[in-house]
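Encoded as structure tokens, the structure appears first; notes follow it.
The values are calculated or read from the model by the stated rules, or taken from the named source; none is laboratory data. Note that this is a predicted model, so its numbers are computed, not measured. Cβ atoms come from the backbone with ideal geometry, glycine included; neighbour counts cover every protein chain shown.
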Amino acid sequence: QVQLVESGGGLVQAGGSLRLSCAASGRTFSSYGMGWFRQAPGKEREFVAAVSRSARNKYYADSVKGRFTISRDNAKNTVDLQMNSLKPEDTAVYYCGAYSGYGYPERENEYSYWGQGTQVTVSS
């Protein structure tokens, strides 16, 4: 069992930055790949970024490449999402998830555990 708790969301102006963090419970954190998804009002949840168990491989949605950076610290059981050059279309609830570390990290159904989400609002 893995419990995930996100933090770091808030209101920021376009062009600004935010850093999201996800804290995981349990001793098996390094056994899971970790990802971030987001869901805007009226839209389906979409993939944002993911990192493999060892942090060797990182994956990004095209819409955030070059602006967002995912990182993890297996000693601290955390995964972060640094978001720069934010745009109004980045406004959404951001969710942290854990997947097996295999398969397709951009697919929502690969994930076994989810956090409760944190709101990010980017004003124009």
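The table below gives the values:
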{"quantity": "Yes/no for Arg27 being farther than 18 Å from Tyr95 by Cβ and surrounded by 15 or more Cβ atoms within 10 Å (Cβ to Cβ)", "calculated": "no"}
{"quantity": "Of all residues making up region 1-24, the number that are surrounded by fewer than 22 Cβ atoms within 10 Å (Cβ to Cβ) and of a type in the set (A, V, I, L, M, F, W, C)", "calculated": "7"}
{"quantity": "Number of positions in region 94-107 that are farther than 17 Å from Gly16 by Cα and crowded, with 16+ Cβ neighbours inside 10 Å", "calculated": "8"}
{"quantity": "Count - residues of region 30-39 that are modelled with pLDDT of 95 or more and either at positive phi or exposed (fewer than 14 other Cβ atoms within 10 Å of the Cβ) (or both)", "calculated": "0"}
{"quantity": "Unique residue being surrounded by 13 or more Cβ atoms within 10 Å (Cβ to Cβ) and without any contact (Cβ under 8 Å) to a residue 24 or more places away in the chain when the list is Ala75, Ala55", "calculated": "Ala55"}
